[in-house]
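Visitor: Before I ask anything, let me first share the structure, which is written out below as structure tokens.
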Amino acid sequence: MTKKLLTLSATATAIAAAIALAGCGSGGPGSSGTSMPGMDHGGSASSAPSTSAPAAADHNAADVTFAQMMIPHHAQAVEMSDMILMKQDIPAEVTDLATKIKAAQGPEIETMTGWLKSWNEPTMPSGHSMEGMVGEEDMKKLEAAQGTEAAKLFLSQMVAHHEGAVTMAKTEGTAGKNADAVSLSKAIVTGQEAEIQEMQRLLGTL
């Protein structure tokens, strides 16, 4: 319980950063107010029209929990990716993966924050534990590590992190009501399961 509380506390800054990103992220490539669900996750982009009014009414508690929990989860993945991208002597395939994770998850933070605001729901998670979150001590280890050691640590931590996201996304896929949220959850499962396989392959080469 204490560890969970510490994890939630440690991610408060990441959550705030995620919300700030959502508030000022309207100038990114391809962003037009409402980001397409599943973008950059390896699946085909959805062609559904952006109908924000019906979406605001058509949601349930599972949709809210999914968005509230996935925002800080994504924010931590972006933070971890930023850490590895600032280091020297990291294999190119690892930095490419970190760049890909940022490109996918940053816009999804913006999308999910927009949903919660349109649903008049808080953006902060309310007492739920988030699967796969990296603890504060392990984040410090990643920050301090360099070279191959840092690459291995990033990959192993991100595999567990992705596995947690997949678990939460699968829950939304079966329990959610909002079509856009369910679509995004399925894209997360597909994209992150593929990235897990890629990271496990990369770990075998280091």
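The values are calculated or read from the model by the stated rules, or taken from the named source; none is laboratory data. Fair warning: this is a prediction, and the values are worked out from it, not measured in the lab. Backbone-built Cβ (ideal geometry, glycine too); neighbour counts: all protein chains shown.
Visitor: Count, please, the residues in the range 97-142 that happen to be under 17 Å from the mean Cα position of the chain (by Cα) and charged (D, E, K, R).
Guide: 5
Visitor: Separate question: If you go through the range 83-101 one residue at a time, how many are under 22 Å from Glu131 (Cβ atoms) and not small (Gly, Ala, Ser)?
Guide: Within the range 83-101, residues that are under 22 Å from Glu131 (Cβ atoms) and not small (Gly, Ala, Ser) number 5.
Visitor: Can you name every residue in the range 93-110 that is farther than 13 Å from Ala150 by Cα and hydrophobic (A, V, I, L, M, F, W, C)?
Guide: Leu97, Ile101, Ala103, Ala104, Ile109
Visitor: Return the pairs, sorted by first residue and then second, in which the second residue is at pLDDT 95 or above, the first residue lies in the range 72-96 and is on the phi > 0 side of the Ramachandran plot, the beta carbons are less than 9 Å apart, and the residues are 6+ apart or on different chains.
Guide: Asp89/Gln146; Asp89/Gly147; Asp89/Thr148; Asp89/Ala150; Asp89/Ala151
Visitor: Against the conditions (1) crowded, with 21+ Cβ neighbours inside 10 Å; (2) without any contact (Cβ under 8 Å) to a residue 40 or more places away in the chain; (3) touching a Ser or Thr at 6+ places or on another chain (Cβ under 7 Å), where does Gln105 fall short? Just the number, please.
Guide: Status for Gln105: all satisfied but (3).
Visitor: Same structure, new question: Of everything in the range 67-92 that's assigned to a helix (DSSP H, G or I) and among the β-branched types (Val, Ile, Thr), which residue is farthest from Gln146 (Cα to Cα)? Write out each step before concluding.
Guide: Let us first name the residues in the range 67-92 that are assigned to a helix (DSSP H, G or I), namely 67-85, 92.
Keeping just the survivors that are among the β-branched types (Val, Ile, Thr) gives 71, 78, 84.
Details: Ile71: 28, Val78: 18, Ile84: 9 Å.
By that ranking, first place goes to Ile71.
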